[in-house]
Each structure stands twice: as structure tokens, then as C-alpha cells.
Amino acid sequence: YDFAWTEVNNLCTSTDIIRVEFHDLPLLNAGADAAICEGGSIQLHAIGSGSFQWNPASLVSNQTISNPVATPVATSVLTVTLTDQWGCKNSDQVNIEVREQPVAIAGPDQALEYVFETTLNAAALGNGQTGEWTIISGTGEFADINDNATSVSGLSPDGNSYKWTITNGVCLMSADTVNIIVRDLIIPTLITPNKDGKNEYFTIRGAETLGKTELV
């Protein structure tokens, strides 16, 4: 753009012109948002032509390059400013989410009295986490393999072992196991009601699972 300044008196006129060039803001892309595991790092990839300046400087390995390594300890927003040859500046941001290392807790072991179904009780999932049950030994049919508190049926007599694995898509997966013992139906052959705390009562543990029952 040319701007003219003109002064006029009764007889004379004087004009001077100044030229101003306007430049577009430099093109800049800070890169895609990303997620890392706690204690990890990630290399950034800003795109643009000119000199770079990253902030906060304490979170990157080199504040003045396009692709420093970032090591945030918590979820952070990093800003990069690009200055081109004309002194024009443009800024962009990238969000780095820091996720906690998942720790799987499959819940307490169980001992069942001739019962072939139960409810599992793994610890609740955290934000961004998914879980899955798998069979290590024995048998079982999960109502929902991704539910930490799913019901499981069709257990085998004696021992059943299940694994609960969780992940957040970034950190290493974590797994834990739970054991379910199904005790056999045992009919006592004697009672000794002598107040010594042993065999005081005639008890058939698990008989309630059989429905209507007759003892002869």
C-alpha cells in the first residue's frame, strides 16, 4: 500500500509517499495432540518456516527447534511461536496428556460351596482405561468380559483361574488373577455334638443349590 501525505498553502503543493508492505502471518502447525505414560517423553513436530520458540521452556529439551523432546509430568499445553523473516509472529498449541500407569486388581479369591456361578469384583476402571477377562484354567462364561464386576457361570468343580487385564492405550498393560474354588458337595457321615467345636452339627454345605432335596 502507498500512502501519500500532501501539504497545501495558497500557492504551492507538496506530496510525499510512503510504501507499507503487509505480510500474512506465517503458516504454523504445532502438531497433533498426543498422550504419553507418566514418566515418559514424546518428540514434538512443529511445521513452519522461521525461528521457533516453545513454552514452557522447562518441558522441552530445546526451546528453539521445531522438534524438541517434551517430558511433561502432568497433562500440559505447550505453545510454539514462529517468527518469519519479516518479523511476523504466529502461535499454535499442542496438548500432551499424561496418563497414569494402570494397575490391575482382579479382586479377592473366592471359595464356593457347590455353587457354579458368582460375581467377580475387580477394582473399578480409571479414566480412559478398558479391561478384559480371560480364562487361565477351569471354565466359565462371562456375562460381559469388559465389566470389572461381571457375573460368571459354568464354573468347574475344584479350581478356576481368571485374568483381568487393563490398558489405557498408552502405557503397558497390567494384569492380575483371581482364583475361584468350587467345593464338592460333601455329606457328613457322623456328628459329635460334644461341644469341642468339631462336627457339632449335621451340615450339607451347598445343598441349597439343588432345589428341593430329600435326605434319607
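Here are the numbers for the structure shown:
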{"read-out": "The range 140-158, residues that are of a type outside the set (F, W, Y) and either open to solvent by 60 Å² or more (accessible area, probe 1.4 Å) or outside any loop (DSSP other than H, G, I, E, B) (or both)", "value": "E141, A143, D144, I145, N146, S151, V152, S153, P157, D158"}
{"read-out": "Looking only at the range 176-195, and only at residues there that are of a type in the set (A, V, I, L, M), open to solvent by less than 60 Å² (accessible area, probe 1.4 Å) and out of contact with any helix residue (DSSP H, G or I) (no Cβ under 9 Å at 6 or more places or on another chain), the one that is nearest to N146 (Cα to Cα)", "value": "V178"}
{"read-out": "A175 aliphatic (A, V, I, L, M), in contact with a strand residue (DSSP E or B) (Cβ under 8 Å, 6 or more places away or on another chain) and in contact (Cβ under 8 Å) with a residue 40 or more places away in the chain", "value": "yes"}
{"read-out": "Evaluation of T75 against (1) surrounded by fewer than 15 Cβ atoms within 10 Å (Cβ to Cβ); (2) touching a helix residue (DSSP H, G or I) at 6+ places or on another chain (Cβ under 6 Å) (one fails), failing number", "value": "(2)"}
{"read-out": "Only one of A30, A4 that is open to solvent by less than 50 Å² (accessible area, probe 1.4 Å), modelled with pLDDT of 95 or more and touching a strand residue (DSSP E or B) at 6+ places or on another chain (Cβ under 7 Å)", "value": "A30"}
{"read-out": "Meets criteria (within 19 Å of V103 (Cα to Cα) and of a type in the set (A, V, I, L, M, F, W, C)) for V178", "value": "yes"}
{"read-out": "Matching residues, the range 96-118, being at pLDDT 95 or above and open to solvent by 80 Å² or more (accessible area, probe 1.4 Å)", "value": "V103, I105, P108, D109"}
{"read-out": "Selection status of V60, exposed (fewer than 11 other Cβ atoms within 10 Å of the Cβ), free of Cβ contacts under 8 Å to residues at least 24 places away in the same chain and β-branched (V, I, T)", "value": "no"}
{"read-out": "Tally of residues being in a strand (DSSP E or B) and either touching a Leu at 6+ places or on another chain (Cβ under 9 Å) or more than 21 Å from D109 (Cα to Cα) (or both) across the range 159-195", "value": "9"}
{"read-out": "Residue match in the range 196-216 (condition: open to solvent by less than 70 Å² (accessible area, probe 1.4 Å) and part of a helix (DSSP H, G or I))", "value": "yes"}
{"read-out": "Any hit, the range 81-95, residues being aliphatic (A, V, I, L, M) and surrounded by 14 or more Cβ atoms within 10 Å (Cβ to Cβ)", "value": "yes"}
{"read-out": "Flag for T134 being open to solvent by 40 Å² or more (accessible area, probe 1.4 Å) and either free of Cβ contacts under 8 Å to residues at least 40 places away in the same chain or of a type in the set (S, T, Y) (or both)", "value": "yes"}
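The values are calculated or read from the model by the stated rules, or taken from the named source; none is laboratory data. Given the structure is predicted, the values throughout are model-derived calculations rather than measurements. Don't worry about glycine lacking a Cβ; one is built from the backbone with ideal geometry, like all the others, and counts go over all protein chains shown. SASA here: full protein model, heavy atoms, side chains in, ligands and nucleic acids out. Shrake-Rupley method; radii C 1.70, N 1.55, O 1.52, S 1.80 Å.
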